[in-house]
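Reading through the structure tokens given below for one structure.
The values are calculated or read from the model by the stated rules, or taken from the named source; none is laboratory data. Not measured: the values here are computed from a predicted model. Here the Cβ positions follow ideal geometry from the backbone for every residue, glycine too, while neighbour counts run over all protein chains shown. Calculation scope for accessible area: heavy atoms of the full protein, side chains included, ligands and nucleic acids excluded. Shrake-Rupley method; radii C 1.70, N 1.55, O 1.52, S 1.80 Å.
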Amino acid sequence: MSRQAGGEPMTLIVRNAAVVTVGGRFHADIGVRDGRIAQIGGAMGKAEREFDAEGRPVTPGGVDAHVHLTDPIPGDANFHWADDFESGTRAALAGGITTVGNMSFAAPDGTIADGIRHDDELAGALSLADYFLHPVLLQPSEENIACIAPLHEAGHTSIKFFLSFNNFDRHVQDFLTAMRIAKAHGGIALIHCEDAAIMDCCCTILREAGRTDPRFYPEARPVQSEVVATQRAVGFAETTGCPTYVVHLASARALEACHDGRRRGVPVYVETRPIYLHLTRQRFEDEDGAKYAGAPPLREQADVDALWAGVSFGNVDTLASDHAPWLLAEKLDPAFDATNLRQGVADLETSMPMLYGAGVLTGRITLEQFVAVTATNPAKLFGLYPRKGAVAVGTDADLVVWDDDRVRTIDGASMHSRADYSPYDGFEVRGWPKWVVSRGEVVVEGGIVVAKKGRGKLVWRGRHRGI
């Protein structure tokens with residue numbers, strides 16, 4: 001296969017690549033000029049820099065559409081992540097993720113537009129990887145609603161909100177208005193699907209029964225709270241026509257609620273996160289079970305199996321880390337119990353390698369399916385494609401060369417996140433990035449991150465497009 005563009009010398013050539021796209025695989029050299037892929041296959045001569053992939057799989061750089069690298073409530077110690085844009089994107093590059101989508105919260109006295117400006121300033125100074133920003137709509141005030149259309153026109157074509165917060169039902173009409181505006185301006189709504197009323201009731205029952213040990217955390221946020229909220233999100237999408245992205249879906253029943261809508265043509269898309277593919281609720285029986293808390297909680301093995309099947313059959317559209325790291329002591333703080341455990345884990349560095357090892361190398365999913373859920377699908381859904389999420393002439397040269405033989409035992413304390421543990425500590429994982437290229441620059445070599453902070457760029461997003 002040979003595709004060429006221009007005759008100027010290349011700045012980088014990746015030799016002997018086994019290129020993987022959602023449409024198939026082929027062997028070719030990849031030529032890069034000015035940060036973009038200029039040629040695939042054919043004679044290229046010499047370049048300023050080149051390396052030999054030696055027939056290893058080369059995939060598009062990962063697009064993780066759901067990370068938390070800025071605090072949701074500035075100054076609140078109960079919501080202070082261990083990572084920022086520097087350490088978080090360093091971990092991302094080490095794991096093959098070259099573009100991250102940060103959830104950007106506004107300060108209590110600011111607008112969602114203020115939150116975007118604040119996070120862009122931080123990321124521009126610190127980020128090693130490219131980034132985009134999701135405006136998080138906590139308060140659907142007139143001022144915030146008025147920001148949605150201008151933010152979309154400025155390339156921030158999404159909004160995020162939570163059905164898990166008690167204020168949602170008091171303002172549900174305003175949130176539906178926000179979805180209608182997003183739809184009109186080519187955007188997509190990201191929705192956290194857990195029902196606040198059901199969870200409040202469950203927490204009251206647990207407290208009354210004296211069952212507040214962390215091992216009861218799954219009962220505080222049960223499957224029915226996820227299912228009811230997911231069904232509502234599907235209904236909102238059907239009513240407003242707004243493309244809707246269900247974040248971190250955890251259960252088979254919630255997945256079926258999305259399928260029900262999709263069968264009717266409702267534009268609903270499904271994200272899951274790594275902990276729901278690799279861990280079950282049995283972890284909460286461990287003495288340190290609180291360290292596994294996320295929202296929703298870990299589910300049963302049957303749910304894990306359903307999500308793997310969803311990835312394989314295309315019913316799960318994306319894998320995103322929901323990276324929200326804490327220190328272990330903070331996760332295990334005895335002041336917190338089953339009703340209010342600190343939610344979130346570090347997963348940027350491990351997300352793609354663990355899917356590659358447990359999915360691709362075991363034959364559970366194909367390389368093409370791996371590329372779809374980690375790169376191409378999120379790039380399409382969030383207006384980044386084809387600049388991101390593809391290996392083709394004209395795209396950003398974001399590439400990952402995989403080493404199928406490299407085996408590592410997970411040790412969160414020695415990895416790039418500032419979190420001092422990983423929920424997978426002790427797991428043996430085979431298959432890690434050997435080289436990672438971001439916009440034509442080698443940023444990881446031999447497993448070592450060589451990128452400098454501040455090199456990452458805000459990626460302008462176009463309108464949402466289906467998969």
May I ask for the net charge around D303, where only other residues with Cβ less than 14 Å from the Cβ of D303 are counted and Lys, Arg are +1 while Asp, Glu are -1? +2
Exposed-loop-free span, longest in the chain, where GluC sites (Glu not before Pro) count as exposed if DSSP calls them loop and at most 12 other C-beta atoms lie within 10 Å: 55-286
Name the lysines eligible as straight-distance cross-link partners of K291: C-alpha to C-alpha under 28 Å, and not fewer than 8 places from it in the same chain. K160, K331
Straight-line reach from K452: which lysines fall under 29 Å, measuring Cα to Cα and dropping same-chain residues less than 8 apart? K46, K380, K388, K434
Helix-only mean residue ellipticity at 222 nm, the chain, DSSP H runs n ≥ 4 weighted -39,500 (n - 2.57), per residue, nearest 500. What is it? -8500 deg cm²/dmol
Please say if region 41-149 is rounded, prolate or oblate, where rounded means a/c under 1.5 for a ≥ b ≥ c the square roots of the C-alpha gyration tensor eigenvalues, and otherwise the choice is prolate for a/b larger than b/c and oblate otherwise? prolate
Angle between the Cα long axis of helix 142-153 and the longest principal axis of the chain, 0 to 90 degrees, nearest 10? 20 degrees
Using Cα centres only, tell me the gap between region 203-217 and region 50-127 in whole Å. 34 Å
Which shape class applies to the chain: rounded if a/c is under 1.5, otherwise prolate when a/b exceeds b/c and oblate if not, where a ≥ b ≥ c are the square roots of the Cα gyration tensor eigenvalues? prolate
What ³J(HN,Hα) values, in whole Hz, does the Karplus curve 6.51 cos²θ - 1.76 cosθ + 1.60 give for region 196-213 when θ = phi - 60°, with x put for Gly and Pro? 5, 5, 5, 5, 4, 5, 5, 5, 4, 4, 5, 5, 4, 8, x, 10, 10, 4
With both partners inside the chain, how many of the DSSP beta bridges are antiparallel, as a percent to the nearest 5? 50 percent
At a 1.4 Å probe, what is the % contribution of carbon and sulfur to the accessible area of region 57-196? 53 percent
Counting heavy atoms of the protein chains only and a 1.4 Å probe, report the per residue accessible area for region 317-421 as a whole number of Å². 29 Å²
Counting only protein heavy atoms and rolling a 1.4 Å probe, one gets per residue an accessible area for region 267-310 in Å² of 31 Å²
Dipole of the chain, Cα-centred, from +1 at each Lys and Arg C-beta and -1 at each Asp and Glu C-beta, to the nearest 20 debye? 1520 debye
State in Å² the accessible area per residue of region 44-162; use a 1.4 Å probe, count heavy atoms of protein chains only, and round to the nearest integer. 33 Å²
Surrounding charge for S251, neighbours by C-beta under 10 angstrom, Lys/Arg +1, Asp/Glu -1, total -2
If amide hydrogens are placed 1.01 Å from N in the peptide plane, which non-local residues have theirs closer than 5 Å to the one on F26? V19
Using the Cα atoms as the points, what is the convex hull volume per residue of region 264-362 in Å³? 122 Å³
Rounded to the nearest Å, what's the spacing between the alpha carbon centres of region 308-324 and region 378-444? Just the number, please. 16 Å
In region 124-196, which chymotrypsin sites (Phe, Trp or Tyr not before Pro) are in a loop and have at most 15 other Cβ atoms within 10 Å, using DSSP for the loop call? F165
Would you work out which of A358, T376, T409 lies farthest towards the positive end of the dipole of region 333-467? Charges go on Cβ: Lys and Arg +1, Asp and Glu -1. T376
